[in-house]
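Chemist: My structure is below; once you've seen it, I'll send some questions.
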Amino acid sequence: MGLRQYSLINDPFQEKSEFTIAVKNVGTKEGGSAFLHHHVHTGDVIEASGPENFFPVRTEARHHLLLAAGIGITPFLSMMAFLKGMNQPFELHYSGSSEHECAFYSTIKENYPDESTFYFMKREQKERELKKVLEDQPVGTHIYICGPSSFMDTYLSYCKNLGYPDENLHSERFRPAKITQKPYPFSVTEKNTGKTVQVQSNQSLLEALREEGIPVPYACRMGVCGTCEVNVCNGEVIHHDTFLTEDERKEKMLTCVSRGKGHLSVRV
Ligand code: FES
């Protein structure tokens, strides 16, 4: 199994000596979830790197609105424990086809009876209700969204239409955005070193820069964490990440997934 990332679901105020994850078996043959469900047993040792937080709670928020669908609930379990422990106002809206399909349904009901609402109705009705919730939030609310791509795209774009600032919108994807364009080679000059590197069609800019000895840091390699960001000085970028805001894209790019057209100049 290759590199996989999972949300820690621990209560951050407890269990400091262990990491807890929850993994839904989505059943794809090559997937990490099937591997964990069928081949990993109690007592096995799995190599893991230290935790990183790409989806943090924004403590400057006046109110926190968490929108989850399906197994997208996992990052919210520790966030809710943190918010409750810090006495910060929050509400969870959790969609699933049934109670059974909502992981941690009973735990959430028991621990957050006043903060949680569940949606088991048909898609159209659910959309109407959730959109109304988004329309009725106080100024200073931060929105956090996690679930399948279509769910996230629907509510992120609805929030943008309602005028929520980019910096108040936070999302975490299970997997990178789907890239449908064919990758073409391009070249890049890194301004600090003066080196020019060729990026082949089967290679990322991150790989090309690191092979050239230019130490760009990285973590997710999926365009979701922002660690591999560089400043763009010149040239046209094809952005494939799901992390940068439209404003940030005017001067930055994420080297693990985004590409250039022709020639780019960047500064690490
Ligand atoms: S390494 Fe995470 S966005 Fe590139």
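Chemist: On the protein heavy atoms, probe 1.4 angstrom, tell me the percent of accessible surface of the chain carried by carbon and sulfur.
Modeler: 48
Chemist: Quick one: plug the Kirkwood hydrodynamic radius of region 62-126 (C-alpha pairs) into Stokes-Einstein at 37 °C, 0.692 mPa s, and report D in µm²/s.
Modeler: Here the translational diffusion coefficient equals 273 µm²/s.
Chemist: From the phi of every residue in region 104-114, what ³J(HN,Hα) in whole Hz does the Karplus formula 6.51 cos²θ - 1.76 cosθ + 1.60 yield, where θ is phi - 60° and glycine or proline is x?
Modeler: With the stated coefficients, region 104-114 comes to 6, 3, 5, 4, 5, 4, 6, 7, 10, x, 8 Hz.
Chemist: Hey, what do the phi angles of region 32-45 turn into as Karplus ³J(HN,Hα) couplings, whole Hz, using 6.51/-1.76/1.60 and θ = phi - 60°, x for Gly and Pro?
Modeler: With coefficients 6.51, -1.76 and 1.60, one gets x, 5, 5, 4, 4, 6, 9, 10, 9, 10, 3, x, 5, 10 Hz.
Chemist: For q = 0.15 Å⁻¹, what log10 I(q)/I(0) does region 153-262 give under the Debye formula with an equal point scatterer on each alpha carbon and no solvent?
Modeler: Computed log10 I(q)/I(0) values: -0.66.
Chemist: Next up: Beyond 24 Å, what percent of the Cα pairs of the chain remain?
Modeler: 56
Chemist: For helix 123-135, what angle does its Cα long axis make with the longest principal axis of the chain, in degrees from 0 to 90 and rounded to 10?
Modeler: 80
Chemist: What is the log10 of I(q)/I(0) for region 74-180, computed with the Debye formula using one identical point scatterer on each Cα and no solvent, at q = 0.14 Å⁻¹?
Modeler: Rounded to two decimals, the profile gives -0.60.
Chemist: Before I look further, what does the chain give for accessible area per residue, probe 1.4 Å, in whole square angstrom?
Modeler: For the chain, the per-residue accessible area is 57 Å².
Chemist: Starting from the amide H of residue 260, placed 1.01 Å from N in the peptide plane, find each other amide H under 5 Å away whose residue is 5 or more places distant or on another chain.
Modeler: Placed amide hydrogens put 238 under 5 Å from residue 260.
Chemist: Right, something else. Of all DSSP beta bridges in region 123-267, what percent run antiparallel (nearest 5)?
Modeler: 65
Chemist: Taking Rh as the Kirkwood radius computed over C-alpha pairs, what is the Stokes-Einstein D of region 28-91 at 37 °C in a medium of viscosity 0.692 mPa s, expressed in µm² per second?
Modeler: 223
Chemist: Let me ask something else. Exceeding 26 Å between C-alpha atoms, which entries from my cross-link table qualify? They are 131/252; 160/182; 122/160; 195/252; 195/250.
Modeler: 131/252; 160/182
Chemist: For residue 160, what accessible surface area do you get with a 1.4 Å probe? Give it in Å², rounded to 10.
Modeler: Taking all protein chains as shown, residue 160 has close to 110 Å².
Chemist: Before rounding to the nearest 500, sum -39500 (n - 2.57) across all DSSP H runs of length at least 4 in the chain and divide by the residue total; then give [θ] at 222 nm in deg cm²/dmol.
Modeler: After summing the helix terms and dividing by the residues of the chain, the value is -6500 deg cm²/dmol.
The values are calculated or read from the model by the stated rules, or taken from the named source; none is laboratory data. Quick caveat, the model's predicted, so the values are computed rather than measured. Just so you know, the surface numbers come from the protein's heavy atoms only, side chains and all, with ligands and any DNA or RNA stripped out. Shrake-Rupley method; radii C 1.70, N 1.55, O 1.52, S 1.80 Å.
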